[in-house]
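Q: This is the structure I want to talk about, given as structure tokens.
The values are calculated or read from the model by the stated rules, or taken from the named source; none is laboratory data. All of these numbers come straight from a predicted model, not from anything done at the bench. Cβ: placed from backbone, ideal geometry, glycine included. Neighbour counts: every protein chain shown.
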Amino acid sequence: MRSSGRRVAIVTDSTSDLDEADARSRRIDVVPLFVNFGDTRFRDNIDLTREEFYRKLASLRALPTTAQPTPAMFEDAFRPHVEAGRAIVCLTIMSSLSGTINAANAAALAFPAAEIHVVDSETVTGGLALLVQHAAEVARDDGDAAAVLAAIDRDRAVLRGFASIPDLSHAVRTGRVSRAQAFVGSLVKIVPVLRIEKGKIEEQARVRTFARALDTMIDAAATEANRADGARVCVIHSHATGDAANVVTKLRAKITTTPVSFEQLEAGPVIGTHAGQGAVGIFVIPG
């Protein structure tokens, strides 16, 4: 029988790209990163919606920049739970991509008597969403902090992400890919498929077309999901609804086990800044 209250609060950052209503229903607090268009600063998915962001991205020549939250923003998220006597588990974007975890750790120091666990998710976007959702389920079922952290540790160890970006220019201009890599890729018409796991982003494969890249991701993700029943699957895209829908259809057909969850999310402004329009990813936590 479930407890009406919860002993553990779950906090994350906006690079989880959670649907706002879903986060609210699961009682997940989301601390936004920032997206800057020139001198104007927007809180990710609060001051700037996904629709507004992608419209700006397509119409403006200068790319936006991104910035991590301040420690004060995490303090504001932690404070109500500290005052209510709850433990807190805060999952952030992988530390190799952002210093967001440093802001969360600094905020935790403001509450020395509280039980606050700041965890590097070692992933991003749909992968972070899957970790946070499962953590919230454990907390909902009256799990204590140790139970939540154990679930996260298990999930992180097996979580695999696959992504492909059709246009590397955004990743070059924001420093995530070198100009030489992008030049060579465009010169020989190579589309990379990336693998995201355990805090690292590495090359999974090189193919000749984006369509082939999507099929490569589908095959790799299906292999992970088919290890056992109970997989958690998330297809994420940056303003590429059609491609994402096709990936969902093909992936469902290749998964022969029974997933516990399967969803499609759209990347928000922060992830969209670095990936550009058209990127697609698949994240899987095998059962």
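Here's the yes/no breakdown for (1) crowded, with 21+ Cβ neighbours inside 10 Å; (2) of a type in the set (A, V, I, L, M, F, W, C); (3) not assigned by TED's automatic domain parsing to the domain that holds VAL280:
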| site | (1), (2), (3) |
| --- | --- |
| SER121 | yes, no, yes |
| GLY126 | yes, no, yes |
| GLN133 | yes, no, yes |
| ASP142 | no, no, yes |
| VAL148 | yes, yes, yes |
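Q: Can you find even one residue in the range 199-212 that is part of a helix (DSSP H, G or I), out of contact with any strand residue (DSSP E or B) (no Cβ under 6 Å at 6 or more places or on another chain), touching a residue at least 24 places away in the same chain (Cβ under 8 Å) and more than 18 Å from LEU131 (Cβ to Cβ)?
A: As a first pass, look at the range 199-212 and keep what is part of a helix (DSSP H, G or I): 210-212.
The next check asks that each one be out of contact with any strand residue (DSSP E or B) (no Cβ under 6 Å at 6 or more places or on another chain); those that pass are 211-212.
Going one step further and asking which of them are touching a residue at least 24 places away in the same chain (Cβ under 8 Å), we end up with none.
The answer is no, given that none of the residues of the range 199-212 is part of a helix (DSSP H, G or I), out of contact with any strand residue (DSSP E or B) (no Cβ under 6 Å at 6 or more places or on another chain), touching a residue at least 24 places away in the same chain (Cβ under 8 Å) and more than 18 Å from LEU131 (Cβ to Cβ).
Q: Can you find even one residue in the range 33-47 that is outside the structural domain of SER95 (by TED's automatic domain parsing), closer than 23 Å to GLY281 by Cα, among the polar types (S, T, N, Q) and touching a residue at least 60 places away in the same chain (Cβ under 8 Å)?
A: Within the range 33-47, one or more residues are outside the structural domain of SER95 (by TED's automatic domain parsing), closer than 23 Å to GLY281 by Cα, among the polar types (S, T, N, Q) and touching a residue at least 60 places away in the same chain (Cβ under 8 Å).
Q: Restricting to helices (runs of 4 or more DSSP H) lying wholly in the range 1-109: which have 2 or more residues that are touching a strand residue (DSSP E or B) at 6+ places or on another chain (Cβ under 7 Å)?
A: Details: elements: 20-25, 50-59, 71-83, 100-108.
The helices (runs of 4 or more DSSP H) meeting that bar are 50-59, 71-83, 100-108.
Q: Looking at (1) over 22 Å from LEU130 (Cβ atoms); (2) within 19 Å of the chain's Cα centre (by Cα); (3) surrounded by 15 or more Cβ atoms within 10 Å (Cβ to Cβ), which one does PHE74 not meet, given that it meets all the others?
A: (1)
Residues are listed down the side, and each one gets a yes or a no for (1) surrounded by fewer than 21 Cβ atoms within 10 Å (Cβ to Cβ); (2) over 19 Å from the mean Cα position of the chain (by Cα):
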{"residue": "SER16", "(1), (2)": "no, no"}
{"residue": "ASP19", "(1), (2)": "yes, no"}
{"residue": "VAL30", "(1), (2)": "no, no"}
{"residue": "ARG43", "(1), (2)": "yes, no"}
{"residue": "ARG55", "(1), (2)": "yes, yes"}
{"residue": "ALA58", "(1), (2)": "yes, yes"}
{"residue": "ALA62", "(1), (2)": "yes, yes"}
{"residue": "ALA67", "(1), (2)": "yes, no"}
{"residue": "THR92", "(1), (2)": "no, no"}
